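K.L.:
First, the structure itself, so that you have it in front of you.
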Amino acid sequence: NMADVSVQSDGRSGGIVINDDWPGYSLDLFSYPAHYSGDIDCVIIPHGVIMDRTERLARNIMDDLGDHDIVVLCVLKGGYQFCADLVDRIKALSRNSDRTIPMRVHFIRLKSYLNDQSTEDLHILGAEDLSFLAGKNVLIVEAIVGTGKTMKTLLKHVEAFRPKMIKVAGLLVKRVPHNSACLPDYVGFEIPDRFVVGYALDYNEYFRDLNHICVISESGKMKYKI
Ligand code: HPA
Ligand code: MG
């Protein structure tokens, strides 16, 4: 029926598209930690907008996965804030409905970035024995998807443990030149190919303590370079 189709297509969208020519919001319009003044150029996604979009993603996720035990696989470190807020919204839905589903949260860690460059070798920590995923609905939660290579590797790893279903939620998808066909099932925002920080996304471990998603400045890159 028509109503179902329109809800479905909205849920399956590639997220809120932020175009390449979007200048972002001036930093003067929001508050942010003073220790980062000069280190960021603009706010590209204010914290409140992230929260609003997350609320909707939670509903889409529950519509699809809410019929069976869910295991959330949070990809650290960048994913911790998105995962915490998304799980919070899912819990709120569960509290306010009689169809409630047990949910577990498990943490794994991936590391592949130095400065603003992706390195070749990908390390997965905390994923040695995921046998408890067998027969479960698994939701992988990532902060950002670039080429999709990381996601592909992770999906292959998780599939081996025979879950009932695997879905991926990515807060951000970057429009990068070599974006593979591998995209998250639930996307918060599609963003330009620029290095962003904040909302737990880091540059050499800095900027996780910034609540908006911002574009790092050239001087910020220099200041925190390793
Ligand atoms: N910011 C922070 N971490 C990242 C990014 C980014 O733009 N891309 C991949 N990892
Ligand atoms: Mg990082």
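K.L.:
Taking DSSP loops as anything outside H, G, I, E and B, show the longest stretch in the chain free of GluC sites (Glu not before Pro) there with at most 16 other beta carbons within 10 Å.
P.N.:
Longest run free of exposed loop sites: 1-127.
K.L.:
Let me ask something else about it. Out of the DSSP beta bridges found with both residues in the range 29-187, what percent are antiparallel (nearest 5)?
P.N.:
Of the beta bridges lying entirely in the range 29-187, close to 20 percent run antiparallel.
K.L.:
Which residue, H35, H157, H68, has the most motion in a Gaussian network model of the chain that connects Cα atoms within less than 10 Å?
P.N.:
Checking each option, the largest mean-square fluctuation is seen for H35.
K.L.:
Report the one residue of V105, Y32, V145 whose Cα lies farthest in the direction of the positive end of the charge dipole of the chain (charges on C-beta: Lys and Arg +1, Asp and Glu -1; origin at the Cα centre).
P.N.:
V105
K.L.:
R0 = 25 Å: FRET efficiency of S13 with T100, Cβ-based, nearest 0.05? Please report the intermediate quantities before stating the final value.
P.N.:
Values: r = 27 Å, r/R0 = 1.08.
With R0 = 25 Å, the Cβ-Cβ based efficiency is 0.40.
K.L.:
Over the chain, average the accessible area per residue using a 1.4 Å probe and give it in Å², no decimals.
P.N.:
51
K.L.:
For the chain, what is the charge dipole size about the Cα centre, in debye to the nearest 20, if Lys and Arg each add +1 at the Cβ and Asp and Glu each add -1 at the Cβ?
P.N.:
520
K.L.:
Whenever you get a sec, compute what percent of the accessible area on the chain sits on carbon and sulfur atoms (1.4 Å probe). Before the final figure, lay out each step's value.
P.N.:
Numbers: 6050 of 11460 Å².
Roughly 53 percent, rounded to a whole number.
The values are calculated or read from the model by the stated rules, or taken from the named source; none is laboratory data. The shown structure was predicted, so the numbers you read here are calculated from the model rather than taken from an experiment. Heads up, the Cβs are rebuilt from the backbone with ideal geometry, glycines too, and the neighbour counts pull from every protein chain shown. With ligands, DNA and RNA removed, areas are computed over all heavy atoms of the protein, side chains included. Shrake-Rupley method; radii C 1.70, N 1.55, O 1.52, S 1.80 Å.
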